[in-house]
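Participant: One structure is given below, represented as structure tokens, and several questions about it will come after.
The values are calculated or read from the model by the stated rules, or taken from the named source; none is laboratory data. This structure is a prediction, so every number in the text was calculated from the model and none was measured. All Cβ positions, glycine included, derive from the backbone under ideal geometry; neighbour counts span all protein chains shown. Note: accessible area is taken over every heavy atom of the protein model, side chains too, but ligands, DNA and RNA are not part of it. Shrake-Rupley method; radii C 1.70, N 1.55, O 1.52, S 1.80 Å.
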Amino acid sequence: MRVLVVEDEPGIANFVRQGLTEAGYAVDVAWDGQEGLACALAVEYDVLVLDIMLPRLDGLEVLRELRDQGRQTPTIMLTARDTVPDRVDGLDAGADDYLVKPFAFPELLARVRALLRRPPLQTGTVLVVDDLEMDTVTRLVRRGDCSIDLSPREYAVLEYLMRHPNQVLTRTQIGEHVWNLDFYNESNVVDVYIGYLRRKIDKAHAVPLIQTVRGVGYRICAGDDYA
Ligand code: CA
């Protein structure tokens, strides 16, 4: 899943980027409000971590503009100010959650996970497709009785598929939600990772869960739903 961090303080931005990257997210950083707004409009992020005090355009203005343009990207606001009016302003501007600096990284991580549980994405901490299960807290994956060992990137591709069961996802969608801005769109990296996942998840089973939709992309669905 892909996260945009809009934060002008390098220490905090780099700390958050490193932590989220280690937790398996694809992360981009924008360093001021205008850059953040442009990024958030250009890419369909899964979560936005947005500082309030930002140069050029503050976080509240960024969020209002984003919501005015119909973008519902789940958003956590970060701020050093912990007064009731600030929290109210943030929530009124369309924030989904609020975190006061300084914060402990595990709390930010838990809040990001909580936002990813909201509809229309699959809710609950354990994602299930047929006999395939992914625990998004422990990051354990198993199919039937077998546990499956995945690399962080394989896990990220599978998580994106499992959060959108039965939906056809294009290579571009998968790429954009799993890799950050350094992702090269023309490459076949998505097909390569789907190949890795098939070997680990489907190869030993009679019913494949990952399907190729010719000319479009991929989807994951239960064997019963095979069309
Ligand atoms: Ca700031």
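Participant: I need every pair where a residue in segment 51-72 that is within 12 Å of the ligand (Cβ to nearest atom) has its Cβ under 7 Å from the Cβ of a residue that is open to solvent by less than 10 Å² (accessible area, probe 1.4 Å) and in a loop (DSSP other than H, G, I, E, B), sequence separation at least 6 or different chains.
Facilitator: Sorted first by the residue in segment 51-72, then by its partner, the pairs are D51/E7; D58/I52; G59/I52.
Participant: In addition: Could you name every one of the strands (runs of 3 or more DSSP E) located completely within segment 75-131 that has at least 1 residues being surrounded by 14 or more Cβ atoms within 10 Å (Cβ to Cβ), away from the ligand (no atom under 16 Å from the Cβ) and at pLDDT 80 or above? Steps first, please.
Facilitator: Details: elements: 75-79, 97-100, 126-129.
Output list reads 97-100, 126-129.
Participant: Does L150 fit the bill of being assigned to a loop (DSSP other than H, G, I, E, B), modelled with pLDDT of 90 or more and surrounded by 14 or more Cβ atoms within 10 Å (Cβ to Cβ)? First the steps, then the outcome.
Facilitator: Values: assigned to a loop (DSSP other than H, G, I, E, B): yes; modelled with pLDDT of 90 or more: yes; surrounded by 14 or more Cβ atoms within 10 Å (Cβ to Cβ): yes.
So L150 fits the description; yes.
Participant: Looking at (1) within 19 Å of R199 (Cα to Cα); (2) of a type in the set (A, V, I, L, M); (3) open to solvent by 40 Å² or more (accessible area, probe 1.4 Å), which is the only condition V157 fails?
Facilitator: Single failed check for V157: (3).
Participant: Of all residues in segment 19-34 being more than 19 Å from T136 (Cα to Cα) and touching a strand residue (DSSP E or B) at 6+ places or on another chain (Cβ under 9 Å), which is farthest from the ligand (Cβ to nearest atom)?
Facilitator: Restricting attention to segment 19-34, the residues satisfying the condition of being more than 19 Å from T136 (Cα to Cα) are 28-34.
Adding the requirement that they be touching a strand residue (DSSP E or B) at 6+ places or on another chain (Cβ under 9 Å) leaves 28-33.
Values: D28: 17, V29: 13, A30: 12, W31: 10, D32: 9, G33: 10 Å.
Among residues in segment 19-34 that are more than 19 Å from T136 (Cα to Cα) and touching a strand residue (DSSP E or B) at 6+ places or on another chain (Cβ under 9 Å), the one farthest from the ligand (Cβ to nearest atom) is D28.
Participant: Among the residues of segment 88-103, which ones are touching a helix residue (DSSP H, G or I) at 6+ places or on another chain (Cβ under 8 Å) and aromatic (F, W, Y)? Before you say what the answer is, go through the steps one by one.
Facilitator: First pass over segment 88-103, keeping only residues touching a helix residue (DSSP H, G or I) at 6+ places or on another chain (Cβ under 8 Å): 89-90, 93-99, 101.
The one that is touching a helix residue (DSSP H, G or I) at 6+ places or on another chain (Cβ under 8 Å) and aromatic (F, W, Y): Y98.
Participant: For residues that are part of a helix (DSSP H, G or I) and open to solvent by less than 20 Å² (accessible area, probe 1.4 Å), scanning just segment 1-47, find the one that is farthest from Q72 (Cα to Cα).
Facilitator: Taking segment 1-47 first, the residues part of a helix (DSSP H, G or I) are 10-22, 33-42.
Keeping just the survivors that are open to solvent by less than 20 Å² (accessible area, probe 1.4 Å) gives 13, 16, 19-20, 33, 36, 40.
Numbers: A13: 23, V16: 22, G19: 24, L20: 21, G33: 17, G36: 15, A40: 10 Å.
Checking each candidate, the answer is G19.
Participant: Still on this model: Is it true that A80 is farther than 25 Å from G175 by Cα, out of contact with any strand residue (DSSP E or B) (no Cβ under 8 Å at 6 or more places or on another chain) and aliphatic (A, V, I, L, M)?
Facilitator: no
Participant: Within segment 41-72, can you find the residues that are closer than 16 Å to R17 by Cβ and within 15 Å of the chain's Cα centre (by Cα)?
Facilitator: V43, Y45, D46, V47, L48, V49, L50
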